[in-house]
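> This is the structure I want to talk about, given as structure tokens.
The values are calculated or read from the model by the stated rules, or taken from the named source; none is laboratory data. Treat the numbers as computed from the prediction; the structure is a model and nothing was measured. All Cβ positions, even for glycine, are placed from backbone atoms using ideal geometry, and neighbour counts span all protein chains on display. Heads up: the accessible areas ignore ligands, DNA and RNA and are worked out on the full protein's heavy atoms, side chains in. Shrake-Rupley method; radii C 1.70, N 1.55, O 1.52, S 1.80 Å.
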Amino acid sequence: MSDIRERVGYSKPTLYSYFASKEELFSAVVFEATELEFQATLQALDPDQSDITLALQSFGQRLLALLYSPQVQAVRRMVASQARPSELGRTCYEMGPVRSEAAIAAFLQQAMDRGQLRQANARIAALQLKGLLEAEWIEPFLFNALEASSPQQIHETVARAVAVFMAAYGPTLSQHSNSG
């Protein structure tokens, strides 16, 4: 906090009037740095897109590009290493995964209501979609063995994940014929 105070030219009381701790300051910086891309990623869940597969692929590509960008990877690692002794992990979890889960579930529920997906628990479907999207990436990431990704690799991963998701949650033949 002293280094930050010196760099921005604030007094210690002024800095602490905005942020009670370095964890709170870090959370604010992370939030500010990633919020625009986070919102753009969620906007890819376009309820007006008539092809649910294309909507999920667009979202998946943006999500993986965001989560596995060098900046977000660094933040995720830092948060994981610092999460136990503070509220930092919970705060970052609520700012990212909890918010994205809610947005994905709401989108999937709308698709279920329109007959684009079979009826199911939208929250569980959202968690499973995210799990499928990250399945090929999460372990190499966790063990610092993930190579730099290309847009082509992301595209291929997302295509496989969405295909599995649609095999599980796509409308049944009777739903499809009734909605068409």
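> Extension gain V98-A40, at 0.36 nm per residue separation less the Cα-Cα distance, in nm? Walk me through the numbers on the way to the answer.
Working: separation 58, 0.36 × 58 = 20.88 nm, distance 1.65 nm.
Net length gain for the segment: 19.2 nm.
> Determine the per residue accessible area of segment 58-180 with all protein chains present and a 1.4 angstrom probe, expressed in square angstrom. Display every interim value, and only then the final one.
Numbers: 6910 Å² over 123 residues.
Roughly 56 Å² per residue, with all protein chains present.
> How would you classify segment 108-172 from its alpha-carbon gyration tensor, with a ≥ b ≥ c the square roots of the eigenvalues: rounded for a/c under 1.5, else prolate if a/b is greater than b/c, otherwise oblate? Provide the component values of the computation, followed by the final result.
Working: a/c = 3.42, a/b = 2.17, b/c = 1.58.
Prolate, because a/c is 1.5 or more and a/b exceeds b/c.
> Stretch L25-D113 to full length: gain in nm at 0.36 nm per residue minus the Cα-Cα span? Write out the running numbers ahead of the final one.
Values: separation 88, 0.36 × 88 = 31.68 nm, distance 4.10 nm.
Fully extending the segment from L25 to D113 adds 27.6 nm.
> Next question. Calculate the spin-label point distance for E139 paired with T53, positioning each point 7 Å from the Cα along the beta-carbon direction, and give it in nanometres.
Simple spin-label model gives 2.8 nm for this pair.
> Residue separation times 0.36 nm, minus the C-alpha to C-alpha distance between L127 and A168: what's the value? Can you show the working numbers first?
Details: separation 41, 0.36 × 41 = 14.76 nm, distance 1.32 nm.
Extra length available between L127 and A168 comes to 13.4 nm.
> Stokes-Einstein at 25 °C, 0.890 mPa s, Kirkwood radius from Cα pairs: D for segment 34-180 in µm² s⁻¹?
Values: Rh = 16.1 Å.
In µm²/s, the coefficient rounds to 152.
> Now for a separate question. Which value, in debye to the nearest 20, describes the size of the charge dipole of segment 64-106 about its Cα centre when Lys and Arg Cβ atoms bear +1, Asp and Glu Cβ atoms bear -1, and nothing else is charged?
Working: 5 positive and 3 negative charges, 29 e Å.
For segment 64-106, the charge dipole is close to 140 debye.
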